[in-house]
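Report on one structure; see the data block that follows.
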Amino acid sequence: MAALIVVGRTMPPSAAIARMCEALTGQAMPSRRYERGTAWRELGKGVAQRCEAWQYPDPVGEALRWQACEAEVMQIIGRARV
């Protein structure tokens, strides 16, 4: 039986996300902190569970956070070899 255990993930400081967002949009970010929000986590076989997760309040900033956090974990899982 093969298994993959992923422990931890990257989470850039919210100020870094704000700076990247400002550089991409050319607009100042009114909020420079993560906020708790609702997210859904897939548990497998089509089953999902609601949970709390840190999110960035701006959509562009949230996309940057998602890429640095969630997308990297998906890539790690996809690289697993049996």
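Just a few scattered comments:
- Solvent exposure of the chain, expressed per residue, is 78 Å² of accessible area, with all protein chains present and a 1.4 angstrom probe.
- In this rough spin-label picture, where each label sits 7 Å from Cα along the Cβ direction, the residue 31-residue 72 distance is 2.2 nm.
- The C-alpha atoms of the chain define a longest principal axis, and helix 14-25 lies at about 70 degrees to it.
- Annotation: peptides 17-24, 40-47, ranked by per-residue average of other Cβ atoms within 10 Å with the highest first, follow the order 17-24, 40-47.
- Around the Cα centre of the chain, unit charges on the Cβ atoms of Lys, Arg, Asp and Glu (plus for the first two, minus for the last two) sum to a dipole of about 260 debye.
- Within the accessible area of the stretch 1-43 (1.4 Å probe), percent carbon and sulfur: 56
- Distance (nanometres) between label positions extended 7 Å along Cα→Cβ at residue 9 and residue 43: 1.8
- Helix-only [θ]222 nm of the chain, DSSP H runs n ≥ 4, -39500 (n - 2.57) each, per residue, nearest 500: -9500 deg cm²/dmol
- For semi-axes √(5λ) of the Cα gyration tensor in Å, calculated from these coordinates, the label among (i) 18, 14, 11; (ii) 28, 15, 10; (iii) 37, 11, 10: (ii)
The values are calculated or read from the model by the stated rules, or taken from the named source; none is laboratory data. A quick note: this is a predicted structure, and the numbers were derived from the prediction, not measured. Every residue, glycine as well, gets a Cβ built from its backbone with ideal geometry; the counts of neighbours run over all protein chains shown. Protein only, heavy atoms only, side chains kept; ligands, DNA and RNA dropped before computing areas. Shrake-Rupley method; radii C 1.70, N 1.55, O 1.52, S 1.80 Å.
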